[in-house]
1. β-branched (Val, Ile, Thr), touching a Phe, Trp or Tyr at 6+ places or on another chain (Cβ under 9 Å), more than 25 Å from GLU95 (Cα to Cα) and without any contact (Cβ under 8 Å) to a residue 24 or more places away in the chain: is that true of VAL47 in this structure?
2. Would you point out the residue of segment 1-50, among those that are small (Gly, Ala, Ser) and part of a loop (DSSP other than H, G, I, E, B), that is farthest from GLY66 (Cα to Cα)?
3. State which residue is nearest to LEU14 (Cα to Cα) when the search covers only segment 28-63 and only residues that are surrounded by 15 or more Cβ atoms within 10 Å (Cβ to Cβ) and touching an Asp or Glu at 6+ places or on another chain (Cβ under 9 Å).
Amino acid sequence: MTQGDRVKDVRKTLKLTLEEFGKKVGVTKQTVSRIENGINNLTDQMVKSICREFNVNYDWLMDGEGEMFSDLPQTVLDELCSQYELDDLDRFIVELYVGLPKDVRDGIKARAKDLIRKRNTSEEKK
């Protein structure tokens, strides 16, 4: 199995179109198609993006060794929950937030900053 085949396996496993997959890693659907079909090779940057964005095991993507997906983020989340005594609802909220697109997270942060600013202004007037 080639690296292109493994990229296609990841995309199909995640039920993403060429366009959706490409958007998440910052390339066009044509680029993804050319990689899957062996016309283009994976660049180092593309490998890093795929592994980071989809939690893909680097060794599997490069050489076909090990499992397709890494369990590292789950382990990190488990450690976070343990360290801060987060319950199941806390865990769900954290997973939900980190799973949001960056622009949505940025919008939430902007709104939170606005609410904090308004609260601080209100308290100063008292």
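Laboratory data are not the source of any read-out in this text; all were calculated from the coordinates shown. All values derive from a computational prediction rather than experimental measurement. As a convention, Cβ positions derive from the backbone with ideal geometry for all residues, glycine included, and neighbour counts pool all protein chains shown.
1. no
2. My answer is GLY26.
3. Among residues in segment 28-63 that are surrounded by 15 or more Cβ atoms within 10 Å (Cβ to Cβ) and touching an Asp or Glu at 6+ places or on another chain (Cβ under 9 Å), the one nearest to LEU14 (Cα to Cα) is ASN55.
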